[in-house]
Structure formats: structure tokens, C-alpha cells
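What follows draws every value from the coordinates through simple rules; no lab data is involved. Here the structure is a predicted model, which is why all the values come from computation and not from measurement. Virtual Cβ from ideal backbone geometry, glycine too; neighbours counted across all protein chains shown.
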């Protein structure tokens, strides 16, 4: 079986606790509670196995009726819980399409049986691709493989990217490391007219200038020491597809001039060759630094910046859209569910509070890495505070982390070293605006070593 979500839309804390207890007794069901005001967004972005809607008073009828319609459009069955003994609202809800209506005080046994029956098929079906909906296009969840868009800021960015996907103009994606620039570049490629062509990526910060130029433009035999054969660069290999130039801010000035010609004239020459080749690929470039500041500092060509920034989009950091954290955690737990025999199905309140309070300098990528690691090491069916990395444990409410830490033996010296190294890496990245080359130079290590350490600490 796979874990599924039961969504309760209610402003009543007592009812939420009652339903939580009922759902906890149903195998592989995870409880999700939102207030009525947030219900519409959660029905749109999350695909629960069932939505339980609370009709507290007659004034709520229009809102609940709208939610029933929205649930039906998303093929989500709805159950309504009504306060009071007036049969009129119950009849109306059933006519609008609610699967069932229950009155308070609740018949706990009946509610539990109903949840068990309604979610049975979803729990026993094959794992599905995590859903994502764009405003007004709820039927297109499967179009955005692996993406889950919860916050309004990201929904706006995604909707705009989808509109311009068919345009061949260059797209500039900016945002901190781990915000999802590569994922959204794939979305653009998928919804363009080039979807049957290659999607290739060049990481401009991961290669030396010589290797980077060769990786982009290719080279002929004898072009430089070690070039014992001809190499086709990714500008050529991409064909009529899409080429993503990641961390474009790390591109050396000498190569920036060559890229400018390729963008302006749609031609380029492999290293060591005088023969021009046509560039047919669509370019998407990504940067985790402010390119306008790089231009002002003389580190990035102004003419290239203006040529690349035809369609610019900024991806907000995860700490600026914390409402997405619970849904992303649920998605990643479901993703790793099958890899670990489905042992972990819930998150404790203490762990949840720490995850919500953490600053997430590595953004969505770091969150995914943390969930994967935690699910792997978790010994029970629920993620506890002690299962989380030390840096996140320290973000728990005052007193919680201390009391939990005292319950288990720990090599405090080793933990302190790990914590100090992670903090130093994060500080250096922030000080150098996420520029990998400058960060490595500041720390006195190679870029390869830096990348390894960033991966180890979930900051890559």
C-alpha cells in the first residue's frame, strides 16, 4: 500500500483533533488540516484521497458548496460534517455532489469506516506521479512530472513560463541555489515545440575555462593539450532542442564574448576551428546571483546580459514561501516511500515545528535531501526530532531540542565540527553571493572539494 492524504477543511480545532485520531487508525492514511480560507488552494495543489469539509453554520454553505464543486472537478470525493440538526443543509450538500454528510456529535465508527472505504482504492493503487496543477488547468497534473507547486508566488512564475514556452526567445531564470531553476527549465522545454529534441545542461561553475569552452562549443583535434580527437559541444548536440546554461554568472569574460556572438548571430566556432556552425537550440540561462550587480562590478558583460534577459523570471527562496514546506515534505516522503518498504508515513509535531522554523539555505533541493536522509535513517513509522540533522534540530522551539538531546548518547565534538563546517560554508556562499569560484578561493579549497562538501551538507 502507499500513503494517501485525508484533507480536513475546518476552523474548529476540536474537530480537527477528533478527525486526526480517526485517520490515525486507518492504515497508510496521513492527516492534513487546513482552515476554510486555505482550503481552495490546498484542493488545487494537493491530491488528497478524500476531502472532509466542515459546515459550521448556514453562512458557510456557499463556501462549502464551492469546495464540493472544486473537489469534484479534481476527482476528489468529498464528505461534509455539519453542525446542528437541521436537515436542509445536509440535503443541499448531497445534491451538490457530496459523497456523504455526517452530523455532530460524530459517529466515530462511521467516520472511520467511511475514510477506510473511500481511500481503499487510492491506497492499493500503483504509486502515481506527484500532482501539480496550474490555475485553471486542474486536469493537467501529470504534465509537470515531479513538480509540486503550492505557493502563489511559484504558481504565478509557472503560469508565466508556460505561456512563453512556445516563444523561442532566451529565458533567464534567477534565484538561490536549490530553488528549482533546472526543473522549471525542463518544464519550458516540455511545453515548447522542441519537446521531441534534446534537453542538455552545461554547469558553467563546475568546469575550468578551457573545458567549459570545449563543452559548450566543441573543439577540433589539436586545439589544446590533450585534445587528441574532435569533440562536439553541447550547442551542436542540442540540435533544435533546448540548452540550459546553469550558473551563467561563473562564465569567464572571454567565453562571454563568444556566447554573445552565438546569441546575436546564431553562429559559433568550435575551439581551434575557423569553420562557423549554426546554433539552432533555444537557450535558457540560470543564475543564483544578481547579474545587474555583476555587470556593475565589471564581472559580466552588459551587452550579453541584455541579450540574455529577454524573458526574466525570479524564483523565490523556500523561506519566503514556507506554506509550501509541509506539502513538499509530504511529496518527498511519498517519493521515497517505496525505497524504504513504506516504513515512514508521518512527521511528529516536534520535527514538523523544527522543519518549519529552519531557514533552508539550500532551498527545495536541501529539503529533498533532508527528507531522503531522514526517511532512510528513521527507525520507526514517524519522523522524530532526533532523526533530523543537528542544524535543523536546533531550530525546534526552545527547550524541545535540549530535552530530546538529553535522551540519547551523542558524539558532541563530531556534531559540533559538522555544524561549524556547514555554517562556515553557508556563510561563505552568502558572502560571495553564491559564486562557487569565489567561495572556493575564499575557503582555500578547490571547486571540486567545495562541490563535494556542499553535497554532503545539503547545500548544493
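Figures for the structure shown
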read-out	value
Label-point separation in nm, residue 57 to residue 314, each point 7 Å along Cα→Cβ	4.2
Distance between modelled label sites at residue 40 and residue 433, nm, 7 Å Cα→Cβ extension	3.9
